[in-house]
Amino acid sequence: MKHPFRSALTAVAAAALSCTVLAQTAGSDKAVMMVVPAAPGGTTDLAARMLAEPLGKALGQTVVVDNRAGASGAIAAIAVKRAAPDGNTLLMQYSGYHVITPHVVKSAQWEAKDLIAVANVLSAPQVIVVREGLPVKTMADLIAYAKANPDKLTYASSGNGSLQHVTGEMLVQQAGITMTHIPYKGTGPALQDLLGGRVDMTFGTPPPFMPHIQAGKLKVLAVTSKTRLPSLPNVPTATEAGLPNLDASSWFGVFVPAKTPQAMVDKLAADIAKVVNTPAFQHKATELGASADYMNPLKFSDFASSELVRWGKVVKAAKIEAD
């Protein structure tokens, strides 16, 4: 067999495989499962639900949101890791679980290499919110209250080793205070106890908190970003509040199992891009205090890898450990 013929045959075979892969993602009767590593009510869940219906229309398939909270995101990540690499199982990943859990949970049973980055969907800073009845109005008030009441102040997180947990420990170190950490299985349950007055404060991305902030049921003291949020223009940044090193933003993106064909990844990413770049999706994100922040597979993969390294240093410096 001559080399030109062999090359042509290889090209035809590759094209056929690509067509087969793309066909598997378009118009299938099988539902696509979008696994969420948190309980309903948090930003990860909201991101999944914002994406699911329009993505389903683009794919020609039903996209079902499947909440699998617990173990600092490991339950969901393992489920996706073990799923068939056929484009029908997605992970709406939360950055805190993706870049912190591998550093703090030694028996997580999954690694970043077990998942392929498809596309980033949302990005958002965290807000520092307190219950309505807590006698503080500013970060300075909060720090003074914590110093006057050692360990009395409680803060909720979406789990041991979560980004909220790490942010809380960063605040403890930078402000020279002590607080008691109360872990939950996701932002939703933590928010319910905050609204019920069973915990004093929490950290988290704005979407699940905005309705309660606007209704006056929660007080927001600061945002953990370099600039103020357009949706909360009167709320100072952590830097403005005297904590210049409290910089902790989150991202929410789609991953699939390792060994998923690249053509399938690219097709899925293109469909997600169509959704995220629509004015409706962007407007909804802004209303929630987040931003529609699409990244393609290559850019998102590089970004997630760099974030894994960056937060590894933060975890080590803060000596964070999950139970």
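Here are the numbers for the structure shown:
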| item | result |
| --- | --- |
| Tally of residues being touching a strand residue (DSSP E or B) at 6+ places or on another chain (Cβ under 6 Å), surrounded by fewer than 24 Cβ atoms within 10 Å (Cβ to Cβ) and at pLDDT 95 or above across region 139-162 | 2 |
| Matching option when the condition is modelled with pLDDT under 95 and either surrounded by fewer than 21 Cβ atoms within 10 Å (Cβ to Cβ) or more than 14 Å from Gly42 (Cα to Cα) (or both), among His212, His165 | His165 |
| Among (1) at pLDDT below 95; (2) among the basic types (Lys, Arg); (3) over 17 Å from Met264 (Cα atoms), the one test that Lys30 misses | (3) |
| Qualifying strands (runs of 3 or more DSSP E) (wholly inside region 97-176; at least 1 residues being basic (Lys, Arg)) | 127-131 |
| Criterion (part of a helix (DSSP H, G or I) and in contact (Cβ under 8 Å) with a residue 12 or more places away in the chain) met by exactly one of Phe252, Phe281 | Phe281 |
| Qualifying residue in region 303-320 (condition: in a loop (DSSP other than H, G, I, E, B), touching a helix residue (DSSP H, G or I) at 6+ places or on another chain (Cβ under 7 Å) and either among the basic types (Lys, Arg) or surrounded by 19 or more Cβ atoms within 10 Å (Cβ to Cβ) (or both)) | yes |
| Pair list, Cβ under 9 Å, 6 or more apart: region 185-208 residue more than 10 Å from Ala156 (Cβ to Cβ) and touching a residue at least 12 places away in the same chain (Cβ under 8 Å), other residue among the charged types (D, E, K, R) and not in a strand (DSSP E or B) | Gly186/Asp45; Gly188/Asp45; Leu195/Glu132; Leu195/Lys217; Gly197/Glu132; Pro207/Glu287; Pro208/Asp45 |
| Selection status of Pro207, outside the structural domain of Val36 (by TED's automatic domain parsing), out of contact with any helix residue (DSSP H, G or I) (no Cβ under 7 Å at 6 or more places or on another chain), assigned to a loop (DSSP other than H, G, I, E, B) and not aliphatic (A, V, I, L, M) | no |
| From the options Lys185, Lys226, residue that is of a type in the set (D, E, K, R) and closer than 18 Å to Gly42 by Cβ | Lys185 |
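The values are calculated or read from the model by the stated rules, or taken from the named source; none is laboratory data. Predicted, not measured: the structure shown is a model, and the values here were computed from it. Note: ideal-geometry Cβ built from the backbone for every residue, glycine included; neighbour counts use all protein chains shown.
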